[in-house]
1. Compute and list, largest first, the equivalent-ellipsoid semi-axes of the range 88-140 from the alpha carbon gyration tensor, each √(5λ) rounded to a whole angstrom.
2. Kirkwood Rh over Cα pairs of the range 11-54 into Stokes-Einstein at 37 °C, 0.692 mPa s: D in µm²/s?
3. Place +1 on the Cβ of every Lys and Arg and -1 on the Cβ of every Asp and Glu in the chain, take the dipole about the Cα centre, and give the residue among L127, A191, N75 whose Cα lies farthest towards its positive end.
4. Viscosity 0.692 mPa s, temperature 37 °C: Stokes-Einstein D of the chain from its Kirkwood Cα radius, in µm² per second?
5. Stretched out fully, how many nm does the piece from E84 to K96 gain, at 0.36 nm a residue minus the Cα gap?
6. In degrees between 0 and 90, to the nearest 10, how far off the longest principal axis of the chain does helix 147-167 point, with axes built from Cα atoms?
7. Taking 20 °C and 1.002 mPa s as the conditions, I'd like the Stokes-Einstein D for the range 74-118 in µm²/s, using the Kirkwood hydrodynamic radius from alpha carbon pairs.
8. Taking 25 Å as R0, compute the FRET efficiency from the Cβ-Cβ separation of Q24 and A128 and round it to 0.05.
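What follows draws every value from the coordinates through simple rules; no lab data is involved. The structure presented is a predicted model; accordingly, all values stated were derived computationally and were not measured. Reconstructed Cβ throughout: ideal geometry from the backbone, glycine too, with neighbour counts over all protein chains shown.
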Amino acid sequence: METMARWEPDARGRLEKAAMDLFQERGYVQTTVEEIAARAGLTERTFFRYFADKREVLFSGSKELEKGIFDGIENASREASPLEAVVAAFEAAGAKIQDRRDIRFVRARYALATKHAEVQERELIKLASLALAVTKALHARGVPEPAASLAAEVGIAVFKIGFERWVNERKPRDLAAHIRAAVHALKAVAAEGNAPTKGPKKKATRSG
């Protein structure tokens, strides 16, 4: 008879903290899954119950983020434009990140993501998955292509830029405000593109 796995209180949180501590103490490359599990007082088997590899520790909660944004778009006002629905969902997600994550953890994770190619690769995969989820949510609202995919990619871009400005602030303020600021900057750029251009002045010609 198979025995039930022993319950480990807050195993995921303990593994996250142990991993981040070791990444900062020993370096990301040098840290092994075995060391992370040992630091957390757990087994490697328990580690792999929560994470596929050590990179995944840095993306804990990505599925919850994806679902939250999908639900936010799905439940947005029917009067909202595709981009308005997407931006509102990302703003709400940003508020949750700010509430649930210590800025020191966020900054440490960001530093690792910008330094190591294999972490950057995983982040690009996560962003692509998020963009697909946003597109599907817009499809469910009846938004056709290419509007749905464009709104999704714009949402990812403003979230990424807003997040980077927020995490690099000396005294981080409101992440949602940075996302809104990125949207305003985007609209300003779009407005410039729509502005009429003045052609070169024609030289006056003398009539014979």
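1. 23, 18, 5
2. D = 331 µm²/s.
3. A191
4. Approximately 166 µm²/s, per Stokes-Einstein.
5. 2.5 nm
6. The two axes meet at around 70 degrees.
7. Reported coefficient: 170 µm²/s.
8. 0.35
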